[in-house]
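Everything below concerns the one structure shown next.
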Amino acid sequence: MASATTYTGPSAREMFESHTLSKEIIARADDAEPVLDASELALLKRYVTAPESKTEILKELGCIDGDGKVVTAKAQGDGSLVAYIMIQSVTGNDLLSDEEIAELKTWFSKA
């Protein structure tokens with residue numbers, strides 16, 4: 001669902017650096033200014049439920065080719081914050097800590 005207002009919370013970069021992205025996603029999920037919309041939340045749920053599936057998810061999104069290489073044109077996640085997080089993880093730059101992934105996984109299991 002699209003937000004009727006513009007998001008005014010911390011930037012993604014700030015949340016990555018402070019490792020507060022998971023807390024912000026959870027805290028703002030039902031807010032007028034959520035961090036992620038419904039489609040991004042669904043994608044995030046797929047990822048945190050089975051992080052080992054990130055390569056397959058990225059292939060489905062066209063972000064990784066058949067050889068497992070990141071498609072340069074899509075390397076920024078094509079506007080998807082969750083795809084960007086997964087791309088970074090595939091390249092060895094995990095933006096979410098194991099604790100953040102566990103926190104999100106627990107939250108999704110209760111939703």
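When only residues in segment 6-40 that are in a helix (DSSP H, G or I) and of a type in the set (V, I, T) count, which is least open to solvent (accessible area, probe 1.4 Å)?
I25
List pairs: first residue in segment 56-72 and under 14 Å from S89 (Cα atoms), second residue at pLDDT 90 or above and open to solvent by 80 Å² or more (accessible area, probe 1.4 Å) anywhere in the structure, Cβ distance under 9 angstrom, at least six positions apart or on different chains.
Between residues of segment 56-72 that are under 14 Å from S89 (Cα atoms) and residues that are at pLDDT 90 or above and open to solvent by 80 Å² or more (accessible area, probe 1.4 Å), the close pairs are I57/R46; I64/E56.
Considering each residue of segment 43-64, count those that are open to solvent by less than 60 Å² (accessible area, probe 1.4 Å), out of contact with any strand residue (DSSP E or B) (no Cβ under 8 Å at 6 or more places or on another chain) and either of a type outside the set (G, A, S) or at pLDDT 90 or above (or both), and give that number.
Adding up the residues that qualify gives 9.
Search segment 86-111 for residues being part of a loop (DSSP other than H, G, I, E, B) and open to solvent by 50 Å² or more (accessible area, probe 1.4 Å), and hand back the single one that is nearest to L58 (Cα to Cα).
Among those residues, the one meeting the criterion is T91.
A75 versus (1) modelled with pLDDT under 85; (2) of a type outside the set (S, T, N, Q); (3) open to solvent by 30 Å² or more (accessible area, probe 1.4 Å): which is the lone unmet condition?
Going through (1) modelled with pLDDT under 85; (2) of a type outside the set (S, T, N, Q); (3) open to solvent by 30 Å² or more (accessible area, probe 1.4 Å) one by one, A75 breaks only (3).
The values are calculated or read from the model by the stated rules, or taken from the named source; none is laboratory data. Bear in mind that the values here come from a model prediction, so they are computed numbers and not experimental data. Note that we place each Cβ from the backbone using ideal geometry, even for glycine, and neighbour counts take in every protein chain shown. For accessibility, only protein heavy atoms count, side chains too; no ligands or nucleic acids. Shrake-Rupley method; radii C 1.70, N 1.55, O 1.52, S 1.80 Å.
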